[in-house]
Amino acid sequence: MSEKLSAPVTIASLEVENVKRIKAVQFAPAATGLTVLGGGNNQGKTSVLDAIAWALGGERFRPDGAARDGALAPPHLRVQLSNGLVVERRGKNSALTVTDPTGRRGGQQILNEFVEQLALDLPRFMESSDREKADILLRIIGVGDQLHMLDAQIKSLYDKRTAVGQIADQKKAHADSLEEYPDAPAELVSAADLIRRQQDILARNAENQRLRGERDRLRDRACRLKERMDALQEQLRELHDSYLETMQELEIAEHQADGLQEEPTAALEAALSDVEETNRKVRANLEKSRAADDADAYRRQYDEMTARLTNLRQRRTDLLNGANLPLAGLGVEDGRLTYNGHTWRDMSGSEQLRVATAIVRRLNPRCGFVLLDKLEQMDLQTLAEFGVWLREQGLQAIATRVSTGGECQIIIEDGQVQTKPAQWQKGVF
Ligand SMILES: Nc1ncnc2c1ncn2[C@@H]1O[C@H](COP(=O)(O)OP(=O)(O)OP(=O)(O)O)[C@@H](O)[C@H]1O
Ligand SMILES: [Mg+2]
């Protein structure tokens with residue numbers, strides 16, 4: 001089969017007879033941009049789209065009640081494509097034939113190469129979950145693996161940081177709750193040292209006592225000798241030397257005893273009795289300062305993690321910004337598709353249509369058309385902008401809208417194209 005490989009395939013013209021609500025409809029949609037099928041309710045607008053989907057999408061798109069009630073002839077579909085293929089369904093079984101410009105025949109397989117199923121069934125994309133939509137987008141722009149990796153890193157680091165932050169807060173609260181004694185010494189007091197000093201003083205005092213006792217003994221002895229001198233006048237001479245010697249010793253002893261002074265132990269005793277209390281305070285201060293250090297360490301770890309998170313998030317943003325997005329403003333947050341930062345549910349109806357169209361268009365670049373039902377959610381201004389955007393994209397859209405206004409290129413009434421609609425305004429879209 002010869003077909004132009006590069007240009008996206010669009011619908012050149014179509015004929016539908018006796019499908020669902022359609023009696024006979026025939027038109028050639030605009031090559032790019034919007035072709036709006038207007039009309040009142042139940043006139044057969046959606047039936048036209050259903051017929052196109054059945055013609056190009058295969059048996060799974062066959063409507064439940066494909067043949068029009070009361071029709072004398074079976075359904076007939078004929079779609080001429082921009083690549084020259086002619087697709088037809090006709091006969092009792094609505095058998096498919098695909099014919100190329102040289103007259104050669106083929107089947108559904110040829111159509112599947114350039115017909116994107118979601119382009120025939122946009123609601124299927126629109127009704128898919130947020131996660132499925134995001135996955136489709138990531139598949140299209142080819143950064144899914146990297147993004148998943150960054151998301152996993154961000155989630156893991158975020159969870160770890162949350163845990164560290166909680167610990168840091170708890171540690172800080174604990175440190176704040178501990179008692180502090182600004183008047184306590186910085187280091188623990190040694191009881192042994194105090195006791196040793198006390199013992200030294202006691203030893204010196206004992207020596208003093210001993211010297212004082214010696215003085216007293218010598219006084220007694222001098223006294224006794226004097227008495228004996230008196231009593232033993234005759235022994236005076238012999239005793240005189242001894243007396244003088246004793247007196248000399250006495251003089252030294254007196255001298256030594258005179259300079260003696262008592263050292264007080266009261267301060268040390270007080271310190272000794274305070275040692276437990278003081279040390280309790282010192283320990284309390286040390287514990288508080290350790291707890292504060294601990295809390296600070298966790299806070300620093302938290303801050304460092306915040307910096308890494310910011311970096312990861314920036315890389316994630318850069319990754320998406322650097323990707324070739326089907327529509328500016330598209331993104332993926334927490335595994336969900338977003339447009340200008342809003343999730344699918346928060347997008348307006350017209351934004352949803354535009355996003356869906358842009359994404360589906362990229363799924364198979366060879367598919368140059370998309371079917372859009374219920375375009376009444378777009379106001380006229382949005383509709384006009386959408387038409388311009390479609391043309392810029394080189395995309396053909398066949399849409400339906402409950403309206404008979406000038407924005408509709410074709411009016412469907414009672415299963416047929418209304419001839420010469422009064423509101424026809426050629427070239428508006
Ligand atoms: N096989 C059939 N033969 C005849 N009428 C059918 C058949 N199948 C569905 N219908 C009728 O066609 C009408 C719906 O057609 P369709 O969905 O094309 O209308 P519509 O113009 O899109 O309407 P709306 O504006 O409400 O979406 C319904 O009234 C339905 O009962
Ligand atoms: Mg409809």
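Quick note: the coordinates plus some simple rules give every number you see, no bench work behind them. Worth saying up front: this structure is predicted, and the values here are computed from it rather than measured. Every residue, glycine among them, receives a Cβ derived from its backbone with ideal geometry; neighbour counts consider all protein chains shown.
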Item to check | Per-residue HN-Hα couplings for the range 365-379 [Karplus 6.51, -1.76, 1.60; θ = phi - 60°; Hz; x = Gly/Pro] | outcome: x, 7, 8, x, 9, 8, 9, 10, 8, 6, 7, 5, 6, 9, 6
Checklist entry - Do any of LYS20/LYS133; LYS23/LYS45; LYS45/LYS92; LYS23/LYS92; LYS20/LYS45; LYS172/LYS288 go past 22 Å between their Cα atoms, and which? => result LYS20/LYS133; LYS45/LYS92
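Let me have the 222 nm mean residue ellipticity of the chain computed from DSSP H runs of 4+ only, each contributing -39500 (n - 2.57), with the sum over all residues rounded to the nearest 500. Display every interim value, and only then the final one.
Details: 11 runs with 222 residues, N = 429.
Computed ellipticity for the chain at 222 nm equals -18000 deg cm²/dmol.
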Checklist entry - Roughly what would the spin-label model give for ALA297 and ASN112, points 7 Å off Cα along C-beta, in nm? => result 6.3
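Which order do the peptides 380-386, 266-272 come out in when sorted by mean C-beta neighbours inside 10 angstrom, highest first?
Values: 380-386: 16.0, 266-272: 12.1.
Order by mean packing, descending: 380-386, 266-272.
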Next on the checklist: In the chain, if the dipole is taken from +1 on Lys/Arg beta carbons and -1 on Asp/Glu beta carbons about the Cα centre, which of PHE61, GLN248, PHE386 is farthest to the positive end?
Outcome noted: PHE61
Item to check | Which of THR310, VAL25, ALA270, positive extreme of dipole for the chain (C-beta unit charges) | outcome: VAL25
Next on the checklist: Quick check on the range 191-276: what are the equivalent-ellipsoid semi-axes from the Cα gyration tensor, as sqrt(5λ), descending, whole Å?
Outcome noted: 44, 10, 8
Next on the checklist: Only four residue types carry charge here, +1 at the Cβ of Lys and Arg and -1 at the Cβ of Asp and Glu. Report the dipole size of the range 258-362 about the Cα centre in Debye, rounded to the nearest 20.
Outcome noted: 1880
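For a Förster distance of 22 Å, can you work out the FRET efficiency between the beta-carbons of GLU277 and SER177, rounded to the nearest 0.05?
0.60
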Checklist entry - From largest to smallest, what semi-axes in whole angstrom does the chain give when each is the square root of 5 times an eigenvalue of its alpha carbon gyration tensor? => result 116, 19, 16
Checklist entry - With each pseudo-label sitting 7 Å past Cα toward Cβ, what's the GLU251-SER129 distance in nm, one decimal? => result 11.6
Next on the checklist: Please report the antiparallel percentage of DSSP beta bridges with both residues in the chain, rounded to the nearest 5.
Outcome noted: 65
